[in-house]
Amino acid sequence: MRLQALLKEKSNTADAVAGWVSSGDKIDYGMSIQQPDVFDAALAAQKDRLSDVTIRGTLSTRARQVIECDPEQQHFTFENWHFSGYDRKKFSQGLESYVPFNFGEGPHIYRQYRDVDMIVIKTTPMDEHGYFNYGATNTYVRATCDVAKRIVVETCTEMPHCYGTEGSIHISEVDAVIEGDNAPLFELPNAEITDLDRTVASYIVPLVQDGSCLQIGIGGMPNAVCSALAESDIKDLGIHTEMFVDGMVDLVEAGKITGWEKQTHRGKITYTFALGTKRTYDFIHKNDMCLSLPVDETNLTHVISANDNVVSINNCLQIDLSGQVASESSGYRHISGTGGQLQFVRGAVQSKGGLSFMCLSSRYKDADSNLAPRIVPGVAPGTVVTTPRSDVMYVVTEYGIVNLKGKSVSERALALISIAHPDDRETLHQQACENNILSKKHWS
């Protein structure tokens with residue numbers, strides 16, 4: 001009865017809670033499908049009384065009304081830790097600003113460097129014990145709540161209830177409860193697996209051993225790796241990842257995931273957020289095999305390397321002939337974010353028996369639909385280097401796989417040219433000679 005009395009006392013309308021926001025406030029929206037929708041619309045409707053309100057969010061899966069209502073940024077500023085397709089468009093319009101960080105540092109950054117006047121996030125409805133579960137997104141929410149002056153939850157009956165640590169908040173800590181619209185959660189379609197993706201996967205899978213611990217990103221190439229692993233003879237795999245995706249459900253259903261060879265959280269799938277289709281959300285809902293953790297318990301390098309045989313598989317946009325990897329921007333056009341790539345690359349390499357793979361197609365279509373190489377002599381001006389050349393291990397294209405560890409710059413350049421598109425190799429070799437990337441013995 002006491003819990004229900006507290007819930008009744010703290011239940012409020014989105015309009016009323018938006019009225020608590022003052023000019024100059026800093027509001028946190030959380031990440032991905034956790035971002036509030038009813039409150040967002042209510043706050044946008046009150047824009048005319050507000051100025052200089054900063055809103056922080058990550059990987060927006062729906063249009064943010066505080067952005068849409070304010071094309072001149074007279075009222076709101078939106079800061080973003082990692083871009084989605086929507087965020088990318090808004091950045092190109094000058095309506096979002098990116099915040100660089102390594103994902104695993106999120107809780108520390110909030111506790112040490114960020115002021116938060118109010119956090120507003122979607123959660124499950126309150127359970128019989130008085131807790132609201134953060135659902136598919138754990139990340140740095142607890143840290144944000146620790147420093148926030150006010151905590152507001154917008155409930156959603158569609159949100160999965162996920163087991164883990166620091167994944168719920170009690171009604172006694174909450175300042176307001178808004179009943180959400182209970183709309184179906186955003187679903188991220190699975191990228192189609194192409195023949196190119198399958199070829200890339202075919203180079204990776206033979207190097208994966210029984211009992212390996214996987215971190216797999218998102219996209220066609222990682223999907224292809226999951227598919228190939230599901231059809232292979234490999235067994236007793238574990239998962240320790242930042243992002244749980246549909247392809248991992250395939251691996252579980254194929255009997256490939258047991259987690260019994262993991263050194264941390266043995267027998268559990270550990271992750272910090274999930275984004276996929278309803279199939280993924282249904283899978284993680286009250287699934288005892290799945291363990292949702294704060295991002296500093298999934299992404300910090302020493303935590304990753306505590307498991308043996310870590311296999312980290314990531315995509316990138318571009319790599320230069322010395323091995324510098326660009327995964328978040330193309331020139332000054334920001335595309336995604338640093339995320340956990342660098343931390344998982346380092347964690348995998350430091351893991352006993354660990355392997356890190358950086359995947360990319362040899363070419364892509366540019367803005368004018370012309371084919372352009374992804375392996376280049378040097379990164380273009382404005383392009384952000386996500387993973388330094390000293391950290392890169394395996395690089396994979398549809399034309400092969402090379403290991404850059406221990407190689408000189410000349411050796412790296414020759415190795416990367418060998419897996420570039422055949423029509424680009426002569427030009428790359430010439431450019432490497434002209435810029436002394438290759439030593440004199442390789443000029444001819």
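The values are calculated or read from the model by the stated rules, or taken from the named source; none is laboratory data. Treat the numbers as computed from the prediction; the structure is a model and nothing was measured. Cβ sites come from the backbone with ideal geometry, for glycine too, and all protein chains shown count toward neighbours.
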Residue ID - nearest to S322 (Cα to Cα), chosen from residues in region 395-413 that are surrounded by fewer than 19 Cβ atoms within 10 Å (Cβ to Cβ) and touching a Lys or Arg at 6+ places or on another chain (Cβ under 9 Å) = V409
Please state which one of R64, R150, R114 is over 23 Å from K286 (Cα atoms), buried (at least 22 other Cβ atoms within 10 Å of the Cβ) and of a type in the set (K, R).
-> R64
For region 209-230, does any single residue satisfy the condition of being buried (at least 21 other Cβ atoms within 10 Å of the Cβ), assigned to a helix (DSSP H, G or I) and polar (S, T, N, Q)?
-> yes
Positions within region 317-341 being part of a loop (DSSP other than H, G, I, E, B) and in contact with a Gly (Cβ under 9 Å, 6 or more places away or on another chain), in sequence order | L321, S322, Q324, S327, E328, G331, Y332, G339, G340
Among P107, P189, P184, P206, which is modelled with pLDDT under 95, out of contact with any Leu (no Cβ under 9 Å at 6 or more places or on another chain) and either not in a loop (DSSP other than H, G, I, E, B) or not assigned by TED's automatic domain parsing to the domain that holds L6 (or both)?
-> P189
Which number in (1) over 30 Å from Q343 (Cα atoms); (2) surrounded by fewer than 17 Cβ atoms within 10 Å (Cβ to Cβ); (3) not acidic (D, E) marks the one condition that A44 misses?
-> (2)
Being modelled with pLDDT under 95, among the hydrophobic types (A, V, I, L, M, F, W, C) and either more than 19 Å from H429 (Cβ to Cβ) or surrounded by fewer than 17 Cβ atoms within 10 Å (Cβ to Cβ) (or both) is the filter here, so list the residues in region 379-394 that pass it.
-> A380
Mind checking whether some residue in region 255-276 is among the charged types (D, E, K, R), crowded, with 22+ Cβ neighbours inside 10 Å and either under 16 Å from the mean Cα position of the chain (by Cα) or farther than 18 Å from S168 by Cβ (or both)?
-> yes
Picking from V53, V147, V99, which residue would you name as being over 23 Å from A176 (Cα atoms), of a type in the set (A, V, I, L, M) and free of Cβ contacts under 8 Å to residues at least 60 places away in the same chain?
-> V99
Taking D320 as meeting all but one of (1) of a type in the set (D, E, K, R); (2) surrounded by 19 or more Cβ atoms within 10 Å (Cβ to Cβ); (3) within 28 Å of E79 (Cβ to Cβ); (4) more than 16 Å from the chain's Cα centre (by Cα), write down the number of the exception.
-> (3)
Can you pull out the residues in region 277-316 that are surrounded by 24 or more Cβ atoms within 10 Å (Cβ to Cβ), within 30 Å of S329 (Cα to Cα) and among the β-branched types (V, I, T)?
-> V295, T298, I304, V310, V311, I313
Of the candidates T155, T139, T165, the one satisfying the condition of being surrounded by 18 or more Cβ atoms within 10 Å (Cβ to Cβ) and either over 20 Å from N12 (Cβ atoms) or out of contact with any Gly (no Cβ under 8 Å at 6 or more places or on another chain) (or both) is T139
At least 3 residues that are of a type outside the set (G, A, S) in each: list the strands (runs of 3 or more DSSP E) lying fully within region 257-316 that qualify.
-> 269-271, 310-315
